[in-house]
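Participant: There's a structure below that I have some questions on.
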Amino acid sequence: MEKPTVVTIRVWDLPTRLFHWALVACVLGSFITVKLGGLWMTWHVRFGLTILGLIVFRIVWGFCGPRYARFAQFVRGPRYVLDYLRGRRPHHAGHNPLGALSVLALLASFGFQAASGLFANDDVMTTGPLAYLSDSLSDTMTDLHDINQWVMVALVCLHVGAIIWYRRARGLKLVGPMLHGDAPIAAHALAEHPAADDSWRYRLGALLLCAAIAALIWWLQGLAPAADFSY
């Protein structure tokens, strides 16, 4: 049987790729700094605020970004996921139906961790910018913040495991496309899966969105009492 012709197309736009690796760096940084404790907690909070900004960016980008960044393109219903598992939908550019579930779970877990961190405290010297609003709410969010970190660890391990499995079992390289943006696809599937628009129009829009979110995060951390952001 003749192999189908394979072509390479742009799948991941630059803003999506930068978001992905910035999130990886910030999640890793926040995990390391919280384990080091002490004065490193200053950086833990900073990483957390950056993660919050990144999650907000990705949610907005999921509605106004290029084709494969949009939730409408890769979030599917149960029937579609079952068809994929049965091999009835073999061609995908961007996230496959199972990858979509992983993306949603990671965004939800990371987003909750960053949001709950706004209210959290460590009973010593570190508090989130909004912890002063309510002691009881702060304590509850702190408990949930501690629990959710292990949910995050489990999801990250599952995500990395899936990447390794796809590489070894199906020969699909998922890391490379998230670095350079391009991925192979069967030529006959191009009509259904055209290349993403990675033009400067989208990149400028992403830059303006980042500036607005950065201003929001700056304002948010400024709500804390003056002495509290030296944590």
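The values are calculated or read from the model by the stated rules, or taken from the named source; none is laboratory data. These numbers come from a predicted model, not from an experiment. Ideal geometry is used to build each Cβ from the backbone, glycine not excepted, and the neighbour counts take in all protein chains shown.
Participant: Of the residues L39, L49, L28, which single one is closer than 13 Å to G117 by Cβ and part of a helix (DSSP H, G or I)? Steps first, answer last, please.
Facilitator: On the way: L39 fails: closer than 13 Å to G117 by Cβ; L28 fails: closer than 13 Å to G117 by Cβ.
Exactly one of L39, L49, L28 is closer than 13 Å to G117 by Cβ and part of a helix (DSSP H, G or I), namely L49.
Participant: OK, next. Under the condition of being part of a helix (DSSP H, G or I), over 16 Å from the mean Cα position of the chain (by Cα) and among the β-branched types (V, I, T), which residue from the stretch 139-194 is nearest to D122 (Cα to Cα)?
Facilitator: My answer is T142.
Participant: A follow-up question, please. Go through (1) closer than 30 Å to M125 by Cβ; (2) touching a Ser or Thr at 6+ places or on another chain (Cβ under 9 Å); (3) at pLDDT below 90 and name the single condition A226 misses.
Facilitator: Failing condition for A226: (2).
Participant: I would also like to ask the following. Name the pairs whose Cβ atoms lie under 7 Å apart, with the first residue in the stretch 200-222 and within 21 Å of W43 (Cβ to Cβ) and touching a residue at least 60 places away in the same chain (Cβ under 8 Å), the second among the aromatic types (F, W, Y) and part of a helix (DSSP H, G or I), and 6 or more positions between them or separate chains?
Facilitator: Going by the 7 Å Cβ cut-off, the qualifying pairs are C210/F57; I213/F57; Q221/F229.
Participant: Inspect the stretch 145-161 for any residue being charged (D, E, K, R) and over 30 Å from A72 (Cα atoms) and give the result as yes or no.
Facilitator: Yes, that holds for at least one residue.
Participant: Same structure again: Residues to consider are A69, A108; find the one that is surrounded by fewer than 16 Cβ atoms within 10 Å (Cβ to Cβ) and at pLDDT 90 or above.
Facilitator: Working: A69 fails: surrounded by fewer than 16 Cβ atoms within 10 Å (Cβ to Cβ).
Of the residues listed, the single one that is surrounded by fewer than 16 Cβ atoms within 10 Å (Cβ to Cβ) and at pLDDT 90 or above is A108.
Participant: Any idea how many residues of the stretch 1-25 are modelled with pLDDT of 90 or more, assigned to a strand (DSSP E or B) and of a type in the set (A, V, I, L, M)?
Facilitator: We begin by selecting, within the stretch 1-25, every residue modelled with pLDDT of 90 or more; these are 8-25.
Okay, now just the ones that are also assigned to a strand (DSSP E or B), so 8-10.
Now restrict to residues that are of a type in the set (A, V, I, L, M): 9.
Final tally of qualifying residues: 1.
Participant: Would you check if there is a residue in the stretch 110-118 being touching a Gly at 6+ places or on another chain (Cβ under 6 Å), of a type outside the set (S, T, N, Q), in a loop (DSSP other than H, G, I, E, B) and touching a residue at least 24 places away in the same chain (Cβ under 8 Å)? Even if it seems obvious, please write down each step before you answer.
Facilitator: The initial filter retains those residues of the stretch 110-118 that are touching a Gly at 6+ places or on another chain (Cβ under 6 Å), namely 114, 117-118.
Now restrict to residues that are of a type outside the set (S, T, N, Q): 114, 117-118.
From the residues that got through so far, the ones that are in a loop (DSSP other than H, G, I, E, B) too are 118.
Then drop every residue that is not touching a residue at least 24 places away in the same chain (Cβ under 8 Å), which leaves 118.
Checking the stretch 110-118: at least one residue is touching a Gly at 6+ places or on another chain (Cβ under 6 Å), of a type outside the set (S, T, N, Q), in a loop (DSSP other than H, G, I, E, B) and touching a residue at least 24 places away in the same chain (Cβ under 8 Å).
Participant: Filter the stretch 72-96 down to the residues that are modelled with pLDDT under 85 and either touching a Leu at 6+ places or on another chain (Cβ under 7 Å) or not in a loop (DSSP other than H, G, I, E, B) (or both) and list them by number.
Facilitator: Selection gives Y80, V81, L82, D83, Y84, L85.
Participant: Which of the residues spanning the stretch 1-41 are under 22 Å from I55 (Cβ atoms), among the β-branched types (V, I, T) and surrounded by 15 or more Cβ atoms within 10 Å (Cβ to Cβ)?
Facilitator: V11, T16, V27, T33, V34
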